[in-house]
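Engineer: Next up is a structure, given as structure tokens.
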Amino acid sequence: MESVIVTDNLRKYFPIRGGLFSTKKGEVKAVDGVSLAIKKGETFGLVGESGCGKTTAGKTIIRLLKPDSGRIFFDPEGGLSDNPSDDFKQFDIARLKGRRLKSLRRHMQIVYQNPSTSLNPRMLVKDIVAEPLFVHKICRGKEAEKRVLDMLERVGLSEEHLRRYPHEFSGGQKQRIAIARALITHPKFVVLDEPTSSVDVSVRASLLQLFKELQQNMGLTYLFISHDLSMVEAICERVAVMYLGKVVEVTEAEELFEKPLHPYTQALFSAIPIPDPKTKRKRIILKGEPPSPANPPAGCRFHPRCPHVMDICRSEEPKLEEVKPKHLVACHLY
Amino acid sequence: MQAKALAENEQLKVEDLVVRFYTYEGIVKAVEKANLNLRKGETLGVVGETGSGKSVTALTIMALTPTPGKVEGGHIYFRRSTGEIVDVLTLKEEGLLKIRGKEISMIFQEPNAALDPLYTVGDQIAEAILTHRLPEMLEKVGRLEGEETNGLWAFLEKLPFFKGSIKKRLLNKVVRQEIVELLKLMEIPDPERVVDAYPHELSGGMQQRIVIAIALACSPTLLLADEPTTNLDVTVQAQILDLIMRLKRKFGTSVIYITHDMGVIAEISDRVAVMYAGRVVEVAPTMEIFKNPLHPYTKALLESIPRPGSAFKAIPGTVPNLVNPPSGCRFHPRCSYAMKRCSRETPELKEISKEHLVACFLHGGA
Amino acid sequence: MSKTKFWSAEHPRIKELVFVLKKMKSSPLSIIGLTIVVLFTLLAILAPVLAPSETGRDPYMMPRTGYSPTPQPPSPENLFGTTEGQYDLYYGVIWGTRAAYRIGVLVVAVSALIGIVVGGLAGYYKGVVDEVLMRLTDIILAFPALILAMAFVVAFGRGLDSITLALILVWWPSYARLIRGEFLRVTSEDFVEAAKAVGCSDFRIMVRHVLPNTIFPLIIMASLDIGSVVLTAAALSFLGLGAPSGYSDWGQIISLSRNWITGAPGNPFAYWHTYIIPGIFLFLFIIGWNLLGDALRDILDPMIRRR
């Protein structure tokens, strides 16, 4: 009973339109049945390559997008069990609209990948960070300014940065501004969507440190989305691996990096270049390219590229099951 | 004079290059006396972050410095396939056209930005081939022409309007064959279909292979790669790196590979040059640089990489403003070993031990 | 906590303005444009001083020094001479500047406003809203502007107010198109989605986030348009659809010279002052605004790109 977010078979599809009257020609099944549980205070990693649906999943969980089916349970106090029964119906935010949806935004926030495009270039830093306070009618004027300054200092900036435009800052600083904006309403759950990808290598470490600090001081729960496995390993307690809209493996970070079970995870890890010229690792080079999420293969979605493919993989989709304590995999090998 | 500029085994030498940008915010001193050299057949990895000047340097090697940049000093000596040694910076447009795309090629970070969305992929590769290898293609056409016995075409050929159409048709055929061969070399599945595809119909990894195909279409002596795999998925990056290494061995091309990813550097480079704020601060063979980094920036960079099992440290401070860079050594405000001298004088790149050069007062003075 | 005063050199918007002015100094054409515009603005403001009107009269009506139809050349009493009906040209062109500004600014401002609303809604909400609003825009754009304006004026009845209204109705679609395109571009940017994530209402996003990022192209179009509007209004006045005879409006004044363009027998330019002088004012006004608009486009465009 310690989860903040629990999703149940979450699905989000994007229609492909074409033709004379923009009729629906097909669907991109970006998120196709994702069930996750994120515990209070943890940093939950979500990894996968482009097109796997991790960003869509993150945005759907915080209701920036409307799910097509499935449930999303959200309890800022972290009182959800892993399999919420119908008693928890009131925590289901999947179908919220209007004012109730808006009030949700105070408690769930997102930090985007590219701070150069996620900050309004024609707004001053102080206005960018203060805006959530106005929108949710928390405070105005002098009180708001005080809180903005306090938040900026927490992320490592100072008073002199208030009256500047975003383009006057470096990538790392801009990301800190974005973080300040996300945290100013003291949300309980924050989605970090590849927050270090657009930032210099030497600065990433300091951002990760900042995330950890803020998590401690403000009691935050993170969903850390990334394709950079070394970042994920450094900061996440548990990690889920996604492929083509589905979760293929979930477990504690250490366990995942030491003993990945799913063939895709194994290939993924072997592909990362290691900054050590002495290690010659055995690379599992996958055949072909990731298929399009509009036309996923039948059965196990990974089967066309899997080095261990069996007959059953072509016809039947494997279920996500606990094959070792706290280690779930969706694969017919187990 | 020029003949002495390059040693026997050197392919390229960048000497004291200075590039400045005249912008709204002031004069950006992007590259300040950078020195690099590349040996024949080797892969030189160039590491640096934002503002290090690595991309500007690469573009300048092809005399493609982006506006409002101006080259204000230095030489770039390049050994052409004819054996002649030229200073790229002194060449006029005519001379440059002979080199770009043919002897020096470049591939960039965003493949879909490098490909024209209005033309098929085949057309774009053909452009490279026709620009630089026309005589060779025409020769092949000449050989085929004699065999052309199709009655209708032979008759039409006599008419003034259709004159030369056989040649054109054959040229298309010959070039297309060449393109398909090239695509096969790039390990692109179903090359016949891909030739007629438009860039947006292909995935990022495929697009990047096309870009590489265009770059290698004329077997250049030097390939400049500016972060070509940064935007690609890890699994695709692995494939592309593999491909580049194999092609390099096959064609004997020298490669300058720019990246910020130390893992990639470890994998593919023979030697490494580290750039910071417009200067080259350390050059050494790959093993050496990981085992024994001398420059404080290189050390800090290696320490800031999160590695499985080890903690990592960030480098304090931020990349300097290049309009008003720090005096003396540009790294000194962030350097934990900074001495008084570092803010007053600029260290030169000096050879400390075999093959290992550093620009730092901690290791030999200026 | 110290507050930076709006007018101090440190405020970011003032820094922008200073930058724009400095950039203008570098191009001679920009300086010319800016100078002309400033001069005309002064002229318009100082009209009552430079050409005082009699109390009780509508200041826009030109004073007459007689009733003879033949225009008189420039003289000490009438600095620029008189036009048909002995209207004082000097007075006419000076107050004509005011009239030009009135029409120009009014039409451009109101068209832009309508355009922002229509284009903004279309570009933000897309879908059905976009289709409907754009078809409405297309209907108006399908007609040649001048003809449509004439049709409106005839329907409303002649007069400067009718011209103003007609021009607004004809002009707003181009602003709608521009703003719609800009809104489409900006709404696809991350920071708009980020604003939604913060919980901002649609209205707030459109006004506070999207609109300020579309300002530059709007400014450029507006400054180029002032000249076009004034020219079109002059054309309509010339055709007799505008102000009554004797009103200080450049187009109207030129219309009065219609019978005198051919001059006197043996002297084709005898009455040059009746059309050349108002013509020069019109010409300079439009060129000035066009040069200013071009200069702004050159300066603001890299700023947009740089951001």
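Engineer: Considering only region A:245-267, I want to know if a residue exists there that is within 13 Å of chain B (Cβ to nearest Cβ), among the hydroxyl-bearing types (Ser, Thr, Tyr), within 24 Å of residue A:12 (Cβ to Cβ) and surrounded by fewer than 21 Cβ atoms within 10 Å (Cβ to Cβ).
Structural biologist: No; the residues of region A:245-267 include none that is within 13 Å of chain B (Cβ to nearest Cβ), among the hydroxyl-bearing types (Ser, Thr, Tyr), within 24 Å of residue A:12 (Cβ to Cβ) and surrounded by fewer than 21 Cβ atoms within 10 Å (Cβ to Cβ).
Conditions (1) in contact with an Asp or Glu (Cβ under 7 Å, 6 or more places away or on another chain); (2) among the β-branched types (Val, Ile, Thr); (3) assigned to a loop (DSSP other than H, G, I, E, B), marked per residue:
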| position | (1), (2), (3) |
| --- | --- |
| A:257 | yes, no, no |
| A:261 | yes, no, yes |
| A:266 | no, no, no |
| A:269 | no, no, no |
| A:276 | no, no, yes |
| A:279 | no, yes, yes |
| A:284 | no, yes, yes |
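Engineer: While we're here: Restricting to region B:223-247, and then to whatever is away from chain A (no Cβ under 14 Å) and surrounded by fewer than 22 Cβ atoms within 10 Å (Cβ to Cβ), can you tell me which residue is modelled with the highest pLDDT? Steps first, answer last, please.
Structural biologist: Looking only at region B:223-247, we keep the residues that are away from chain A (no Cβ under 14 Å), and these are B:223-226, B:247.
Next cut, surrounded by fewer than 22 Cβ atoms within 10 Å (Cβ to Cβ) only: B:226, B:247.
Values: B:226: 92, B:247: 88.
Of everything passing the filter in region B:223-247, B:226 is modelled with the highest pLDDT.
Engineer: Then there is this: One residue is enough: does region A:207-226 have a residue meeting the conditions touching an Asp or Glu at 6+ places or on another chain (Cβ under 9 Å), within 9 Å of chain B (Cβ to nearest Cβ) and buried (at least 21 other Cβ atoms within 10 Å of the Cβ)?
Structural biologist: Checking region A:207-226: not a single residue is touching an Asp or Glu at 6+ places or on another chain (Cβ under 9 Å), within 9 Å of chain B (Cβ to nearest Cβ) and buried (at least 21 other Cβ atoms within 10 Å of the Cβ).
Engineer: Six or more apart or on different chains, Cβ atoms under 6 Å: show the pairs whose first residue is in region C:194-218 and in a helix (DSSP H, G or I) and whose second is small (Gly, Ala, Ser).
Structural biologist: Sorted first by the residue in region C:194-218, then by its partner, the pairs are C:194/A:118; C:205/C:195; C:206/C:120; C:209/C:195.
Engineer: Please verify whether region C:242-263 includes one or more residues that are crowded, with 18+ Cβ neighbours inside 10 Å, among the acidic types (Asp, Glu) and either under 15 Å from the mean Cα position of the chain (by Cα) or more than 12 Å from chain A (Cβ to nearest Cβ) (or both). Before you say what the answer is, go through the steps one by one.
Structural biologist: Filtering region C:242-263 down to residues crowded, with 18+ Cβ neighbours inside 10 Å leaves C:242-243, C:246-257, C:260.
Checking the rest, the ones that are also among the acidic types (Asp, Glu) come to C:249.
After this cut, where a residue has to be either under 15 Å from the mean Cα position of the chain (by Cα) or more than 12 Å from chain A (Cβ to nearest Cβ) (or both) as well, the list is C:249.
The answer is yes, given that some residue of region C:242-263 is crowded, with 18+ Cβ neighbours inside 10 Å, among the acidic types (Asp, Glu) and either under 15 Å from the mean Cα position of the chain (by Cα) or more than 12 Å from chain A (Cβ to nearest Cβ) (or both).
Engineer: Here is a further query. Checking the structure you have, find out if any residue of region A:48-62 is acidic (Asp, Glu), in contact (Cβ under 8 Å) with a residue 40 or more places away in the chain and touching a helix residue (DSSP H, G or I) at 6+ places or on another chain (Cβ under 9 Å). Show your work before the answer.
Structural biologist: Initial filter on region A:48-62 (acidic (Asp, Glu)): A:49.
From what's left, in contact (Cβ under 8 Å) with a residue 40 or more places away in the chain: A:49.
Then drop every residue that is not touching a helix residue (DSSP H, G or I) at 6+ places or on another chain (Cβ under 9 Å), which leaves A:49.
Yes: one or more hits.
Engineer: Next question, about the same structure. How about region A:124-149: which of its residues are at the interface with chain C (Cβ under 9 Å from one of its Cβ atoms), over 27 Å from the mean Cα position of the chain (by Cα) and either without any contact (Cβ under 8 Å) to a residue 12 or more places away in the chain or under 22 Å from residue C:215 (Cβ atoms) (or both)?
Structural biologist: Listed by number, the residues that qualify are A:124, A:142, A:146.
Engineer: Give just the number: which of (1) crowded, with 22+ Cβ neighbours inside 10 Å; (2) over 25 Å from the mean Cα position of the chain (by Cα); (3) at pLDDT below 90 does residue C:305 not satisfy?
Structural biologist: Going through the list (1) crowded, with 22+ Cβ neighbours inside 10 Å; (2) over 25 Å from the mean Cα position of the chain (by Cα); (3) at pLDDT below 90, residue C:305 breaks only (1).
Engineer: A further question on this structure: Just give me the residues in region B:188-209 being in contact (Cβ under 8 Å) with a residue 60 or more places away in the chain, within 14 Å of another protein chain (Cβ to nearest Cβ), closer than 18 Å to residue A:50 by Cβ and part of a helix (DSSP H, G or I), in sequence order.
Structural biologist: Those that are in contact (Cβ under 8 Å) with a residue 60 or more places away in the chain, within 14 Å of another protein chain (Cβ to nearest Cβ), closer than 18 Å to residue A:50 by Cβ and part of a helix (DSSP H, G or I): B:200, B:204, B:207, B:208.
Engineer: Can you find even one residue in region B:69-88 that is under 24 Å from residue B:211 (Cα atoms) and in contact with a helix residue (DSSP H, G or I) (Cβ under 6 Å, 6 or more places away or on another chain)?
Structural biologist: So far as region B:69-88 goes, yes, one or more of its residues are under 24 Å from residue B:211 (Cα atoms) and in contact with a helix residue (DSSP H, G or I) (Cβ under 6 Å, 6 or more places away or on another chain).
Engineer: Here's something else I'd like to know. So residue C:154 clears everything in (1) under 30 Å from residue C:100 (Cβ atoms); (2) of a type in the set (A, V, I, L, M, F, W, C); (3) within 14 Å of chain A (Cβ to nearest Cβ) except one condition, right? Which one?
Structural biologist: So residue C:154 meets the others, but not (3).
Engineer: When you go through A:317, A:322 one by one, which is the residue that is out of contact with any helix residue (DSSP H, G or I) (no Cβ under 9 Å at 6 or more places or on another chain), more than 20 Å from residue A:227 (Cβ to Cβ) and assigned to a loop (DSSP other than H, G, I, E, B)?
Structural biologist: Exactly one residue qualifies, and that residue is A:317.
Engineer: Of all residues in region A:69-119, count the ones that are away from every other protein chain (no Cβ under 14 Å) and assigned to a strand (DSSP E or B).
Structural biologist: 8
Engineer: Can you pull out the residues in region A:157-197 that are within 11 Å of another protein chain (Cβ to nearest Cβ) and in a loop (DSSP other than H, G, I, E, B)?
Structural biologist: Within region A:157-197, A:162, A:163, A:164, A:165, A:169, A:170, A:184, A:185, A:187, A:196, A:197 meet the criteria.
Engineer: Residue under question is residue A:29, and the condition is that it be in contact (Cβ under 8 Å) with a residue 60 or more places away in the chain, of a type outside the set (Val, Ile, Thr), over 25 Å from residue A:252 (Cβ atoms) and in a helix (DSSP H, G or I); does it hold?
Structural biologist: Answer is no for this residue.
Engineer: I'm told residue A:201 meets every condition in (1) out of contact with any Lys or Arg (no Cβ under 9 Å at 6 or more places or on another chain); (2) within 13 Å of another protein chain (Cβ to nearest Cβ); (3) β-branched (Val, Ile, Thr); (4) over 27 Å from residue B:303 (Cβ atoms) except one. Can you identify the failing condition by its number?
Structural biologist: All conditions pass for residue A:201, except number (4).
Engineer: Considering (1) modelled with pLDDT under 85; (2) closer than 28 Å to residue A:70 by Cα, say which one residue A:285 fails and leave the rest.
Structural biologist: (2)
Engineer: On to the next question. Here are the criteria: (1) more than 18 Å from residue A:241 (Cβ to Cβ); (2) touching a Cys at 6+ places or on another chain (Cβ under 8 Å). Tell me which single one residue A:287 does not satisfy.
Structural biologist: Every condition holds for residue A:287 apart from (2).
Engineer: Out of region C:197-218, which residues are buried (at least 19 other Cβ atoms within 10 Å of the Cβ), over 18 Å from residue A:166 (Cβ atoms) and either facing chain A (nearest Cβ under 8 Å) or of a type in the set (S, T, N, Q) (or both)?
Structural biologist: C:199
Engineer: So which residues in region A:94-148 are more than 29 Å from residue A:170 (Cα to Cα) and among the polar types (S, T, N, Q), if there are any at all?
Structural biologist: A:103
The values are calculated or read from the model by the stated rules, or taken from the named source; none is laboratory data. Note that the coordinates shown come from a computational prediction; the quantities given were computed from them, not determined experimentally. Cβ coordinates were reconstructed from backbone atoms using ideal geometry, including for glycine residues, and neighbour counts include every protein chain displayed.
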